[in-house]
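S.K.: Below is one structure. I have some questions about it.
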Number of protein chains: 2
Amino acid sequence: MSDGENGLQLRSLVKKSGELELSLVKVPIPEPGPDEVVVRVEATPINPSDLGLLIGPADMSTAKVTGTKEQPVITAKVPEAAMGAMAARLDESMPVGNEGAGVVVSTGSSDDAKALMGETVAMIGGAMYAQYRVLRVNECLPLPDGTTPAEGASCFVNPLTALGMTETMRREGHKALVHTAAASNLGQMLNRICLKDGIPLVNIVRNKEQAGILREIGAKHIVDSTAPSFMDDLTNALAETGATIAFDAIGGGRLAGQILTAMEAAINKTAKAYNRYGSSVHKQVYVYGSLDPRPIELNRGFGMAWGVGGWLLFPFLMKIGPVEGQKLRQRVVAELKTTFASHYTKVVSLQEALQVDNIAVYNKRSTGEKFLINPNKGGSGD
Amino acid sequence: MSDGENGLQLRSLVKKSGELELSLVKVPIPEPGPDEVVVRVEATPINPSDLGLLIGPADMSTAKVTGTKEQPVITAKVPEAAMGAMAARLDESMPVGNEGAGVVVSTGSSDDAKALMGETVAMIGGAMYAQYRVLRVNECLPLPDGTTPAEGASCFVNPLTALGMTETMRREGHKALVHTAAASNLGQMLNRICLKDGIPLVNIVRNKEQAGILREIGAKHIVDSTAPSFMDDLTNALAETGATIAFDAIGGGRLAGQILTAMEAAINKTAKAYNRYGSSVHKQVYVYGSLDPRPIELNRGFGMAWGVGGWLLFPFLMKIGPVEGQKLRQRVVAELKTTFASHYTKVVSLQEALQVDNIAVYNKRSTGEKFLINPNKGGSGD
């Protein structure tokens, strides 16, 4: 494998001097322990949740390229105002990549480990932007026969996040939901789940193209936040669906507050008496992304029964516990080529992932642009 | 009583034409049912929570006085932008006043009702800005001998709100709390509760005078949001107390976000490893007032484990149920002259409550200014 002993691993380093350094380092491939396997990583997505660690607040317009063709080094300036938040990772070279899939190429001595030899498995746990990844047998999710690593690369983050949304909706007593940046891979997945499970879903998009993507896959409620009639359209969709919980990938600006205001207006369409504190129906927005880094602005035209908060997959999984978590994972594997299928616009090698023009595209976090890294494509792979 | 058959009642009316009208109307005193009593109201506070119904968004700089000395009428313009939120109360003359205390002057035929004759009782339930209030026996809270109506006038809103804060803190797993506009009557009460119960409390005030008020009653952690060192002071107080929940009376502006940012900084002072999503400790701000009507602005420098939401006393009481609620009420009565003592800067009649210069003072909602209405002081009382 590779040069037999080493594999390339992508690293992100923020230096005390205020510089981000992205590089590919050669790391030795460890011998697997009795209950471990070595996976040749063949597909690992660049999710918005990876970009915080990979690029962080660095200003990529200042990017410079050094190093070699096989091991390029990218450096870029981190604005001084952002350095405070970097304190805990300064001068620490960090591996990147939340999830991926690949083929087991060597195993430890246990029967469970040996049984995985040659299997295609999905993985989560970081350090996936690498040619090889060692992990314990129980951390691997074996994929059904006929599933490629590319098909299994996004088994965790998007599918479990989308299922986490409908689960959270049910657990907190709501019966329909709202999603923003709704034409994303995640948003399309959520639409497929909601259509299958009969959950009314209001999709908020930012342009006509995105609305078109969703209409094509059968989404019923689509509102465009850039339309002059946005607030009316949203209120009508909320009145029709009864949605009182939203998951917001945008974060900054007025959108979260607008959603709460429209929810309150939808509820009050059927209100029978004046309540000086607004309706008593709890309205919730969970912010799970930060496509807009501006502050959140809440105008509070929505009474007193409201909440806005952060939402993340891992705390959610901790909260529901391993048994419920396993049920969600089983559903993902069973519906991997249908409900939970992901689409990528470009497949790149580790070296190509560090090309400045590629970074410029995936770091925009645009809906519709999604990169998949194949760390064993070209380069020094086997 | 009064003219024998009628009593004055304060009314607030928002007309479709965009005008607020405050008036005193003569209403018949109903015969009490078997299980009811008639209370002569002698003390009823003007709480910030009353002002929303009483004045609402009306522009009191446009106030005009008509009517008679005994029954003045105040009219003022409601800005057009605010009329949408008034839809459900338009052209409906509404009684005002959440809570109060007085003396039972006639009773129904049941033994329970008769037993209250002549007793001083505290009351909650609206329409307290009136000379007489009829209510059911089980809605009265009889006060211990030697308690005046003025002492019992604020038995519910502030005491139960303050206790609701420490209860919410415990129920949601926090061990210390933060309070803003902390030198208010409510804030002083909260300090007395926290000192007595050994709960660390961080008080945020807006000037030195307010800091002085709290220092005098023994508050330990006081930070001034107008000091240049505010964020450092707050972070230090939060690190010392471990407070991860705040109750905010201000609402608008950047304060809620600053509190979350300082909580995160305090937690990270002892963090051991870098987490790209910030600390995993949940940080919560409950907004229960609106002293600043501007939008809430959240800069999100506080990771992903956070929540901001509305908090109101009545939904809280519904949530904990009648048995727990009764325990809180019993504590209030037992400590009415100590922990839960209220202070008023001015006692006014119903007519004086409608004087434009008085409205200008209490409608400012300033810390330290607190009005008590005695509907049977002077005027046409008995």
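The values are calculated or read from the model by the stated rules, or taken from the named source; none is laboratory data. Not measured: the values here are computed from a predicted model. Methodologically, a virtual Cβ is constructed for each residue, glycine included, from the backbone with ideal geometry; neighbour enumeration extends over all protein chains shown. We work out accessible area using only protein heavy atoms, side chains counted, and drop any ligands, DNA or RNA first. Shrake-Rupley method; radii C 1.70, N 1.55, O 1.52, S 1.80 Å.
S.K.: At 7 Å along Cα-to-Cβ for each site, give me the label-to-label distance between A:Thr270 and A:Met318 in nm.
M.R.: Distance between the two pseudo-spin positions: 3.8 nm.
S.K.: Over every pair of different alpha-carbon atoms in the stretch A:91-156, take the mean of 1/r and invert it; report that Kirkwood radius in Å.
M.R.: When all Cα pairs of the stretch A:91-156 are included, the Kirkwood radius is 12.3 Å.
S.K.: Determine the residues within the stretch B:293-318 where the difference in accessible area between the chain on its own and the full set of protein chains amounts to at least 30 Å²; count protein heavy atoms only and use a 1.4 Å probe.
M.R.: Flagged in the stretch B:293-318: B:Pro295, B:Ile296, B:Leu298, B:Arg300, B:Met304, B:Trp306, B:Val308, B:Gly310, B:Leu312.
S.K.: Which residue, chosen from B:Leu186, B:Ala227, B:Ala211, occupies the Cα position most advanced towards the positive end of the dipole of the stretch B:179-269, where the dipole is computed from +1 (Lys, Arg) and -1 (Asp, Glu) charges on Cβ about the Cα centre?
M.R.: My answer, from the dipole projection, is B:Leu186.
S.K.: Oh, and also: Please give the solvent-accessible surface of A:Glu264 in Å², to the nearest 10, using a probe radius of 1.4 Å with every protein chain present.
M.R.: Counting only protein heavy atoms, A:Glu264 exposes about 10 Å² to solvent.
S.K.: Also: When the helices in the protein assembly as shown are scored as -39500 (n - 2.57) per DSSP H run of 4 or longer and the sum is shared across all residues, what 222 nm value do you end up with, to the nearest 500 deg cm²/dmol?
M.R.: -8500 deg cm²/dmol
S.K.: Can you work out ³J(HN,Hα) from phi for every residue in the stretch A:89-104, in order, using Karplus 6.51 cos²θ - 1.76 cosθ + 1.60 and θ = phi - 60°, giving whole Hz and x for Gly and Pro?
M.R.: 10, 4, 6, 10, 6, 10, x, 10, x, 5, 9, x, 8, x, 10, 6
S.K.: Work from the charge dipole of the protein assembly as shown (Cβ charges, +1 for Lys and Arg, -1 for Asp and Glu, about the Cα centre) and give the residue of B:Ile359, B:Cys155, B:Thr261 farthest towards its positive end.
M.R.: Result: B:Ile359.
S.K.: Another question about this same structure. Hey, any idea what % of the stretch A:286-382's accessible area is carbon plus sulfur with a 1.4 Å probe?
M.R.: Taking all protein chains in place, the stretch A:286-382 shows 56 percent carbon and sulfur surface.
S.K.: I want to make sure I understand the PRE zone here: with the label point 7 angstrom from the Cα of B:Thr66 toward its beta carbon, which residues in the stretch B:353-367 have backbone N atoms less than 18 Å away?
M.R.: B:354-356
S.K.: Then there is this: So, counting K/R as plus one and D/E as minus one, what does the shell of residues with Cβ under 13 Å around B:Ala227 add up to?
M.R.: -1
S.K.: To the nearest 20 Debye, how big is the dipole of the stretch A:114-258 about its Cα centre, given +1 on the beta carbon of each Lys and Arg and -1 on that of each Asp and Glu?
M.R.: About 200 debye.
S.K.: Give me the lysines in straight-line cross-link reach of B:Lys364: C-alpha distance below 18 Å, same-chain residues under 8 apart excluded.
M.R.: B:Lys77, B:Lys346
S.K.: If R0 is 35 Å, what FRET efficiency do you get for A:Lys327 and A:Met94 from their C-beta distance, rounded to 0.05?
M.R.: Given R0 = 35 Å and the Cβ-Cβ separation, E is 0.60.
S.K.: Within 14 Å, Cβ to Cβ, of A:His282, how many net charges do the neighbouring residues add up to if Lys/Arg are +1 and Asp/Glu are -1?
M.R.: Surrounding charge for A:His282 is +2.
S.K.: Now a separate question. Could you work out how far apart the two model spin labels at A:Asp112 and B:Glu240 are, taking each label as a point 7 Å from the Cα in the direction of the beta carbon, and quote it in nm?
M.R.: Between A:Asp112 and B:Glu240, the simple spin-label model gives 5.1 nm.
S.K.: Could you run the numbers on buried accessible area between B and A, total for both chains, 1.4 angstrom probe, in Å² to the nearest 100?
M.R.: By this definition, chains B and A bury close to 2800 Å².
S.K.: Next question, about the same structure. Please report, in Å, the Rg and the Dmax of the stretch A:1-106, where both are computed over Cα atoms only.
M.R.: Values for the stretch A:1-106 (Cα only, Rg and Dmax): 15.6, 47 Å.
S.K.: Sticking with this structure for a sec: Measuring nothing but label to label, 7 Å from Cα along Cα→Cβ, what are A:Met94's distances to the other copies in nm, shortest first?
M.R.: In ascending order, 5.0 nm.
S.K.: Could you tell me the relative contact order of the stretch B:293-382? Use alpha-carbon pairs under 8 Å, at least six residues apart, and round to a whole percent.
M.R.: Reported as a whole number, the value is 24 percent.
S.K.: Let me ask something else about it. Distances from A:Leu195 to the same position in the other copies: list them in nm, one decimal, shortest first, using label points 7 Å from Cα along Cα→Cβ.
M.R.: From this label point to the equivalent ones elsewhere in the assembly: 6.5 nm.
S.K.: How shielded is B:78-88 by partner chains, expressed as the average number of their Cβ atoms within 10 Å of its Cβ atoms?
M.R.: The shielding value for this peptide is 2.
S.K.: If you put a point 7 Å past Cα along the Cβ direction, how far is that point for A:Thr66 from the same point in each other copy, in nm, smallest first?
M.R.: When each copy's label point is compared with this one, the spacings are 8.2 nm.
S.K.: Let me ask something else about it. Could I have the simple spin-label model distance between B:Lys364 and A:Val105, label points 7 Å from Cα toward Cβ, reported in nm to one decimal?
M.R.: 7.6
S.K.: On to the next question. What is the magnitude of the charge dipole of the stretch B:215-273 about its Cα centre, with +1 placed on the Cβ of each Lys and Arg, -1 on the Cβ of each Asp and Glu, and no other charges, expressed in debye to the nearest 20?
M.R.: That gives a dipole near 160 debye.
S.K.: With only Lys, Arg, Asp and Glu charged, each at its Cβ (+1 for the first two, -1 for the last two), find how big the charge dipole of chain A is about the Cα centre; round to the nearest 20 debye.
M.R.: Computed charge dipole of chain A: roughly 1280 debye.
S.K.: Please turn the phi angles of the stretch A:17-34 into ³J(HN,Hα) values with the Karplus equation 6.51 cos²θ - 1.76 cosθ + 1.60 (θ = phi - 60°), one per residue in order, whole Hz, x for glycine and proline.
M.R.: Values, residue by residue: 6, x, 10, 8, 10, 9, 8, 10, 10, 8, 10, x, 7, x, 5, x, x, x Hz.
S.K.: When ranked by the protection proxy of mean other Cβ atoms within 10 Å per residue, highest first, what sequence do the peptides A:210-222, A:235-247 form?
M.R.: Packing order, densest peptide first, comes out as A:235-247, A:210-222.
S.K.: Can you give me the angle between helix A:313-334 and the longest principal axis of chain A, using Cα atoms only, in degrees from 0 to 90, rounded to the nearest 10?
M.R.: Roughly 80 degrees, rounded to the nearest 10.
S.K.: Also, quick follow-up: Compute the accessible area per residue over the protein assembly as shown, keeping the other protein chains in place, probe 1.4 Å, unit Å².
M.R.: 42
S.K.: When the Cα centres of the stretch B:284-319 and the stretch B:83-106 are compared, how far apart do they sit, in Å?
M.R.: Going from one Cα centre to the other spans 26 Å.
S.K.: Could you tell me the center-to-center distance, by alpha carbons, between the stretch B:124-202 and the stretch A:111-146 in angstrom?
M.R.: First find each Cα centre; the distance between them is then 59 Å.
S.K.: How far, in degrees from 0 to 90, does helix A:255-268 lean away from the longest principal axis of the Cα atoms of chain A, to the nearest 10?
M.R.: 40
S.K.: As I understand it, the dipole of chain A uses +1 on the Cβ of Lys and Arg and -1 on the Cβ of Asp and Glu, about the Cα centre. Which of A:Val308, A:Pro293, A:Ala130 lies farthest toward its positive end?
M.R.: Among A:Val308, A:Pro293, A:Ala130, the one farthest towards the positive end of the dipole of chain A is A:Val308.
S.K.: If you fit an axis through the alpha-carbon atoms of helix A:230-241 and take the longest principal axis of the Cα set of chain A, what angle between them do you get, 0 to 90°, nearest 10?
M.R.: Tilt relative to chain A: about 90 degrees.
S.K.: Calculate the FRET efficiency for B:Lys346 and B:Asn6 from the Cβ-Cβ distance with a Förster distance of 30 Å, rounded to the nearest 0.05.
M.R.: Efficiency, rounded to the nearest 0.05: 0.65.
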